[in-house]
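Asker: Have a look at this one.
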Amino acid sequence: MKRILFLFGLLVCLAGMPLTAFADNKTAKQTYETAISDNWKTMLKNSIALDTINAENNTHLLNWQDVKNPSDEAVKLVEKIRKLQAEQEEDQESMDPYTKAKKTCDEKLNADGANAALENIIRIQKDRLSDQKELQALWAKVDKLLK
């Protein structure tokens, strides 16, 4: 009888353990997501802004490629844009170390580390946004010259 009670008690403990572990993990994950939510939203907004400006700049590039006889001033501006793009690409800091750090922090639910990685990603995105806006302004000038 003691063996049966012992086995029954052991089974109850084993069956109840994963449920409590799962509940704690879910709470920790929710706490983690709440802690990084502001930086995550900012990073996503910057990513959307970068994609939008990049699409606009690519549209201007496509329009430029369709031009038959551009003015000399437009040609000079496009050359300036290409040089500026090359310089910007050389100077750009890579986000790879920070995205890898963010993934590691996601796995370990380390909100402080994830926020630090996100802040660095946001900093790089802001630099890229200012670079893209500079190119966007030049493309707008080219577009005016083509009309």
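Asker: Would you check which residues across region 43-74 are of a type outside the set (Val, Ile, Thr), closer than 19 Å to Met95 by Cα and open to solvent by 50 Å² or more (accessible area, probe 1.4 Å) and list them?
Answerer: Result: Leu44, Lys45, Asp51, Asn54.
Asker: Going through Glu134, Glu107, Glu119 one at a time, which residue ends up being open to solvent by 60 Å² or more (accessible area, probe 1.4 Å), assigned to a helix (DSSP H, G or I), over 18 Å from Asn39 (Cβ atoms) and among the charged types (D, E, K, R)?
Answerer: After ruling out the rest, the residue left standing is Glu134.
Asker: Let me ask something additional. Considering each of Asn69, Asn46, Asn63 in turn, give the residue that is at pLDDT below 95 and touching a Leu at 6+ places or on another chain (Cβ under 9 Å).
Answerer: The match here is Asn63.
Asker: Of (1) outside any helix (DSSP H, G or I); (2) over 30 Å from Asp143 (Cα atoms); (3) among the aliphatic types (A, V, I, L, M), Ala35 satisfies all except one. Which?
Answerer: Only one criterion is unmet by Ala35, namely (1).
The values are calculated or read from the model by the stated rules, or taken from the named source; none is laboratory data. Computed from a prediction, not measured in an experiment: that's the story for all the values here. As a convention, Cβ positions derive from the backbone with ideal geometry for all residues, glycine included, and neighbour counts pool all protein chains shown. Ligands, DNA and RNA are stripped out before the accessible areas are found, and what is left, the full protein with its side chains, is counted by its heavy atoms. Shrake-Rupley method; radii C 1.70, N 1.55, O 1.52, S 1.80 Å.
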